[in-house]
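Values in this text are rule-based calculations from the coordinates and carry no lab data. As the structure is a computational prediction, the values presented were derived from the model and not from experiment. With ideal geometry, Cβ positions are generated from the backbone for all residues, glycine too; neighbour counts draw on all protein chains shown.
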Amino acid sequence: MEDIWFAEKNPKDYCFNVDAVKVKRRVIAPYRTDGKPKDWEETETGNFRLTFPSNLWDDISVPFWSMPENTDHPTQKPEKLIAKLILASSNPGDKVFDPFLGSGTTAVVAKKLNRNFLGIEINPEYCRWAIKRLKNAEKDSTIQGYSDGVFWERNTSQNITKRTSNNTTHLGSDSLFD
Ligand SMILES: C[S@@+](CC[C@H](N)C(=O)[O-])C[C@H]1O[C@@H](n2cnc3c(N)ncnc32)[C@H](O)[C@@H]1O
């Protein structure tokens with residue numbers, strides 16, 4: 001578990017886009033009003049509710065070998081985590097600065113979310129990995145676990161599961177990344 005600090009210079013003028021970081025969660029208690037879903041939606045792939053993020057983010061895993069974003073950097077941050085920070089605290093076109101860029105996660109996510117970026121990294125090999133990831137981001141701007149403007153409580157949208165008659169769960173191939 002890691003702590004994240006949020007700070008501002010001017011309490012009257014800072015950016016906090018909470019609507020940009022909502023989480024789509026599977027509904028556990030499907031309350032209805034007049035037979036209609038109360039504050040959730042029914043879809044072919046299940047019932048979901050959009051929620052504001054809580055103070056504890058339990059929907060994120062560290063990058064591992066089968067995730068496309070993974071590199072050999074020993075302390076690489078997940079793109080999904082950085083996406084939440086960037087979306088909540090900046091707007092498109094803003095500049096995001098990371099003085100310890102490592103494998104480039106902050107710059108890559110900033111690029112994918114149409115922010116400008118600036119980074120510093122002392123290790124030349126990590127810089128090469130970051131440049132490679134930035135090149136890849138030109139072709140693929142997806143962020144695992146984030147699509148359609150929402151974060152999914154699991155790491156994918158396509159893998160949303162269907163309950164079968166015996167109440168087991170089919171997992172899509174993407175679920176390997178959860
Ligand atoms: C915790 S890692 C950052 C990982 C990064 N967020 C990622 O997702 O890959 C910190 C990085 O800071 C770099 N670093 C340490 N001291 C530095 C310095 N004085 N100037 C620039 N980079 C430095 C390290 O090489 C390391 O890659």
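Some notes on this structure:
- Between V27 and D58, the distance separating the two model label sites (each 7 Å from Cα on the Cα→Cβ line) works out to 2.1 nm.
- Most mobile of A130, A29, A110 in a GNM of the chain (Cα contacts under 10 Å): A29
- The mean of 1/r over all pairs of different alpha-carbon atoms in the stretch 115-156, once inverted, gives a Kirkwood hydrodynamic radius of 12.3 Å.
- Ranked list, fewest to most other Cβ atoms within 10 Å of each Cβ, for T105, T71, T142, T33: T33, T142, T71, T105
- Maximal additional length on extending the F97-N47 stretch stands at 14.2 nm, based on 0.36 nm per residue less the C-alpha distance.
- With neighbours defined as other Cβ atoms within 10 Å of a residue's Cβ, the residues E153, E8 order from fewest to most as E8, E153.
- Think of each Lys and Arg Cβ as +1 and each Asp and Glu Cβ as -1; about the Cα centre, that makes the dipole of the chain roughly 280 debye.
- Estimated translational D of the chain in µm²/s (Stokes, Kirkwood radius over Cα pairs; 10 °C; 1.306 mPa s): 89 µm²/s
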